[in-house]
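The values are calculated or read from the model by the stated rules, or taken from the named source; none is laboratory data. Note that the structure is predicted; figures quoted are calculated from it, not measured. So basically every Cβ, Gly included, is an ideal-geometry build from the backbone, and we count neighbours across all protein chains shown.
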Ligand code: PMP
């Protein structure tokens, strides 16, 4: 090790899903939306006057904040937007998790959390899921420095009912509880309705999944005005986290396109329910996912072997080589045609 390396902040990096660029593949590995963004998004980008790029963007992202506030019937001061929910979550960690006590999150969950806790040197403790991959709410009642969990959870897809979410928030009034709702539009019940009653609750969502804008990087947090103010204080000192002007214009169009949003997420949910039946017939086991993916295992076949065989056929799914879930695959719900190809391959494989 070189002398200067000892002062480097070392982290075990987050490993994102593969992003193969070749054409003709079926990409079911990173929970993207199989349908294009709302037509108004492309129109907004096409109609852009490049001269606007001479100017700095609005550091408050006011146009998008207002659009989201109106959509969710909130005050603009209750909404914070950022460059993808990963960045929003990173700013939440930085802003809210400053205790000597460990923050709590599930074991198994989104692997960004431990990477960010390590990065920021935030102590953390993982709370095991039960046999059916459910969060055990009582585990979150002990003293802690904050709580974060996705609902539905990733990569399991398992959703908690709102009463359980509320119990966790209510038992943690002295710390901030973040509910990461990246997948909430596909079936779960959002905790947003609790934010008026619980000033320690922050709900984070994204445009990456249900609004088909993963490539654009738009995420947002909703909570009471004091929480949002603290987030903005941190953001202003890091100007690179500011949303750029084309993104703001396009994201506003995505929020306006309510009919398109309902139609595309409805299609994904219908496909998911059909695929559950088909995979069940093939002997796959899984918990009842409310997300745009299924987390599946087969008692007779190795997940890794299926993963590798699928890849040869240019069908990409996600395999996590981690304890307890090393015989599982996470399969994003694509179009009906894509899912039919997956199922017919699996039928031949078995
Ligand atoms: N939370 C969860 C649970 C996720 O699975 C993801 C997607 N990887 C994110 C947040 C981040 O999504 P984005 O940064 O694209 O908004």
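So which residues in the stretch 220-242 are outside any helix (DSSP H, G or I) and either touching a strand residue (DSSP E or B) at 6+ places or on another chain (Cβ under 6 Å) or farther than 21 Å from residue 181 by Cα (or both), if there are any at all? Before the answer, list the steps.
Our first condition is that a residue be outside any helix (DSSP H, G or I); within the stretch 220-242, this holds for 220-224, 237-238, 242.
Those that are outside any helix (DSSP H, G or I) and either touching a strand residue (DSSP E or B) at 6+ places or on another chain (Cβ under 6 Å) or farther than 21 Å from residue 181 by Cα (or both): 220, 221, 222, 223, 237, 238, 242.
Restricting the search to the stretch 69-89, which residues are more than 15 Å from residue 181 (Cα to Cα), in contact with a helix residue (DSSP H, G or I) (Cβ under 8 Å, 6 or more places away or on another chain) and in a helix (DSSP H, G or I)?
69, 71, 76, 77, 78 - these are the residues of the stretch 69-89 that are more than 15 Å from residue 181 (Cα to Cα), in contact with a helix residue (DSSP H, G or I) (Cβ under 8 Å, 6 or more places away or on another chain) and in a helix (DSSP H, G or I).
Scan the stretch 237-260 and give yes if some residue there is within 22 Å of residue 18 (Cβ to Cβ) and in contact (Cβ under 8 Å) with a residue 40 or more places away in the chain, otherwise no.
No, that holds for no residue.
Only one of (1) under 18 Å from residue 34 (Cβ atoms); (2) out of contact with any strand residue (DSSP E or B) (no Cβ under 8 Å at 6 or more places or on another chain) fails for residue 350. Which number is that?
Of (1) under 18 Å from residue 34 (Cβ atoms); (2) out of contact with any strand residue (DSSP E or B) (no Cβ under 8 Å at 6 or more places or on another chain), only one is false for residue 350: (1).
Residue 109 is checked against (1) part of a helix (DSSP H, G or I); (2) within 16 Å of the ligand (Cβ to nearest atom); (3) surrounded by fewer than 22 Cβ atoms within 10 Å (Cβ to Cβ) and fails just one. What number does that condition carry?
Of (1) part of a helix (DSSP H, G or I); (2) within 16 Å of the ligand (Cβ to nearest atom); (3) surrounded by fewer than 22 Cβ atoms within 10 Å (Cβ to Cβ), only one is false for residue 109: (1).
For residue 37, which of the numbered conditions (1) modelled with pLDDT under 95; (2) closer than 24 Å to residue 243 by Cα; (3) not in a helix (DSSP H, G or I) fails to hold?
(1)
How many of the residues in the stretch 139-176 are under 25 Å from residue 230 (Cβ atoms) and touching a residue at least 40 places away in the same chain (Cβ under 8 Å)?
Counting residues in the stretch 139-176 that are under 25 Å from residue 230 (Cβ atoms) and touching a residue at least 40 places away in the same chain (Cβ under 8 Å) gives 11.
Residue pairs, Cβ under 7 Å, 6 or more apart or interchain, first in the stretch 70-88 and in contact (Cβ under 8 Å) with a residue 24 or more places away in the chain and within 12 Å of residue 227 (Cβ to Cβ), second more than 9 Å from the ligand (Cβ to nearest atom) and in a loop (DSSP other than H, G, I, E, B). List them.
If the second residue must be more than 9 Å from the ligand (Cβ to nearest atom) and in a loop (DSSP other than H, G, I, E, B), the pairs left are 78/223; 78/224.
Please indicate, with yes or no, whether at least one residue in the stretch 45-68 is surrounded by 15 or more Cβ atoms within 10 Å (Cβ to Cβ), modelled with pLDDT of 95 or more and under 17 Å from the mean Cα position of the chain (by Cα).
no
Cβ-Cβ under 9 Å, sequence separation 6+ or interchain: first residue in the stretch 196-218 and closer than 17 Å to residue 16 by Cα and at pLDDT below 95, partner away from the ligand (no atom under 11 Å from the Cβ) and in a strand (DSSP E or B). Which pairs?
No pair meets every condition.
Taking the condition of being in contact with a strand residue (DSSP E or B) (Cβ under 7 Å, 6 or more places away or on another chain) and without any contact (Cβ under 8 Å) to a residue 60 or more places away in the chain, how many residues in the stretch 311-327 meet it?
Matching residues across the stretch 311-327 total 2.
Pairs needed: first member in the stretch 177-190, on the phi > 0 side of the Ramachandran plot; second member anywhere, buried (at least 23 other Cβ atoms within 10 Å of the Cβ); C-beta distance under 7 Å; at least 6 residues apart or different chains.
These pairs meet every condition: 187/159.
Out of 230, 236, report the one residue that is in contact with a helix residue (DSSP H, G or I) (Cβ under 9 Å, 6 or more places away or on another chain), surrounded by fewer than 24 Cβ atoms within 10 Å (Cβ to Cβ) and within 22 Å of residue 97 (Cβ to Cβ).
230
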